[in-house]
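Chemist: This is the structure I have questions about; it appears just below.
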Amino acid sequence: MYEPMDDAAECYSAEVNAGHERRERKIFGMVSEAPRQIPVRHAVDVLVVGGGPAGTAAAIAAGRLGANVMLAERYNHLGGLSTGGLVIWIDRMSDWDGRLLIAGLGRELLDRLPKDAVLGPGQSIWGTRAAEHVAVWKPRIAAFHGIVTHSPMIDPEALKTVSLQAIREAGVKPLFHVWASSAIVQDGRINGIVFESKQGRFAVTAKVVIDTTGDGDIFADAGEASASDIEASNMHHCINTSWLWAGVDNEAWLAFHRSAQFSEFASRARRELGLYELPNAAWRNDIAVFMGPRWSGYSGLDIEDLTEVELRSRDKMMEMLAWYKANAPGFKDAWVVLTAPQIGVRQTRRLLGQSVMTREDWRNGVVHPDEIAISPSLGPRFDPVSVPYRSLLPRGTLGLIVAGRHMSSDASSHTFMREIPQCWLTGHAAGVAAGLAANGGMTPSEVPVRDIQKTLLGQGAYLRVLETVV
């Protein structure tokens, strides 16, 4: 949906482009583990598993309701792919008329960034169709269908900082360098999570667990069903490692991109490199981000596949660096300043929840009565997209909420609900629901939707059901 499917964003088949063969994953026998007791190191009201955009928003929202919240994250930072994955282009947060739909905690986090850590169109021109503004912002991926949108580039280190500040201000306890191992489920209710760490295994018990792992690790282990079909025309199934190049001159590069010579340059790149990846101007004139090459045919749940994508990406990065330094205006002094510590997996599992967001619904402009978020639509001919609360709720496991890219949606809806702003949206709603459930001694399914909606509005979110819930 949001990543343009043109010269800038192609997916490259694992089989066609590299002779990749799907190897059988052999098992060379089995070993047995002795039974053991696992210490419970923490007992909390709300346990958020995964500190990406959804998990960060969920933890803040629940913490601001006074719940005792822990946010567990396997890396040493918050933000997930928006920081560690170098997906520093924050996709559209405004609708086609310039109205800010993704408000609430997503807006707050961006507003907290220092002025020199964010670059995008000013609010006064969101929604404009003026050619002079579109010409400036389209090459910077902030104008679509001839309309300027709120789609800024951000400094990932600054977003890490403000995200951590926000959760600590909300009273949330962060726990880094832990990996969720299994869900503790008894009599159909999730009661906590077992983690792996440098200290060995330990458990955290909770009244409510929020799965914001991105891959649905928790709901899958709890026994919930999932879908994994894809929309082949979209890149939401592709995997890549991003990188930042410093020492560039974005203004020189963008001027060349607008010139008559650019078409031949792109054709030559494909001939000589075997693929072509377009750099994007970042938040500073001397930094460019490469969100690719994007590889298809791999699974984000297969460690052999993930390893191969890393190897291929890094090999191609060095090849592209040499070629761009020799051939691309603005890149003669370029150097790799950072490769993403987190691989860019877009889709693995999607929850089959109490409600499934569908293409048919948003194409028809359906407004769900349990709306807890609104996403910008695919194009000007579509209304903003209503996100139902039931799409965050599993069908069987009590005490569990799911938010982020693995929420319940069909493949078409996933193409945009996986994006950073949409993860802030669903995470915010999940945190509110979890906080209300924990404080009220309820399961998430028992929380009145009107209470969730009122609380979201009080925390700055935007909903169309405003008139009916205040």
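Chemist: When you scan region 1-108 for strands (runs of 3 or more DSSP E) that lie fully inside it, which ones turn up with 1 or more residues that are out of contact with any Asp or Glu (no Cβ under 8 Å at 6 or more places or on another chain), β-branched (Val, Ile, Thr) and at pLDDT 95 or above? Give the steps one after another, and end with the answer.
Modeler: On the way: elements: 11-13, 40-49, 69-73.
Where strands (runs of 3 or more DSSP E) fall fully within region 1-108 and carry at least 1 residues being out of contact with any Asp or Glu (no Cβ under 8 Å at 6 or more places or on another chain), β-branched (Val, Ile, Thr) and at pLDDT 95 or above, they are 40-49.
Chemist: Then there's this: Going through Ser299, Ser267, Ser233 one at a time, which residue ends up being open to solvent by 30 Å² or more (accessible area, probe 1.4 Å) and within 18 Å of the chain's Cα centre (by Cα)?
Modeler: Answer to the check: Ser299.
Chemist: Can you report the number of residues in region 334-367 which are open to solvent by 50 Å² or more (accessible area, probe 1.4 Å), assigned to a loop (DSSP other than H, G, I, E, B) and under 26 Å from Trp89 (Cβ atoms)?
Modeler: Number satisfying all stated conditions: 2.
Chemist: Search region 81-104 for residues being among the polar types (S, T, N, Q) and over 17 Å from Tyr462 (Cα atoms), and hand back the single one that is surrounded by the most Cβ atoms within 10 Å (Cβ to Cβ). Let's see the steps before the verdict.
Modeler: Start the filter on region 81-104 by keeping residues that are among the polar types (S, T, N, Q), which leaves 82-83, 94.
Within this subset, residues satisfying the condition of being over 17 Å from Tyr462 (Cα atoms) are 82-83.
Numbers: Ser82: 27, Thr83: 29.
Only one residue tops the list, namely Thr83.
Chemist: Go through region 350-386 residue by residue and tally those that are within 30 Å of Glu157 (Cβ to Cβ) and of a type in the set (Lys, Arg).
Modeler: Here the count works out to 0.
Chemist: A further question follows. Quick one: count up the residues across region 143-180 that are of a type outside the set (A, V, I, L, M), in contact with a Phe, Trp or Tyr (Cβ under 6 Å, 6 or more places away or on another chain) and outside any loop (DSSP other than H, G, I, E, B).
Modeler: Here is the first cut: in region 143-180, the ones of a type outside the set (A, V, I, L, M) are 144-146, 149-152, 155-157, 160-161, 163, 165, 168-169, 171, 173-174, 176-177, 179.
From the residues that got through so far, the ones that are in contact with a Phe, Trp or Tyr (Cβ under 6 Å, 6 or more places away or on another chain) too are 150, 155.
This time we only want the ones that are outside any loop (DSSP other than H, G, I, E, B), so: none.
The total comes to 0.
Chemist: Then there is this: Taking Asp111 as the residue in question, decide whether it is out of contact with any Cys (no Cβ under 8 Å at 6 or more places or on another chain), surrounded by fewer than 20 Cβ atoms within 10 Å (Cβ to Cβ), closer than 19 Å to Pro421 by Cα and not aromatic (Phe, Trp, Tyr).
Modeler: On the way: out of contact with any Cys (no Cβ under 8 Å at 6 or more places or on another chain): yes; surrounded by fewer than 20 Cβ atoms within 10 Å (Cβ to Cβ): yes; closer than 19 Å to Pro421 by Cα: yes; not aromatic (Phe, Trp, Tyr): yes.
Yes; evaluated as a whole, the condition is true for this residue.
The values are calculated or read from the model by the stated rules, or taken from the named source; none is laboratory data. Only a predicted model underlies this, so the values are computations on that prediction, with no experimental measurement involved. When we count neighbours, we look across all protein chains shown, and the Cβ atoms used for this are built from the backbone with ideal geometry, even at glycine. Keep in mind that these areas ignore ligands, DNA and RNA; they rest on the heavy atoms of the full protein, side chains included. Shrake-Rupley method; radii C 1.70, N 1.55, O 1.52, S 1.80 Å.
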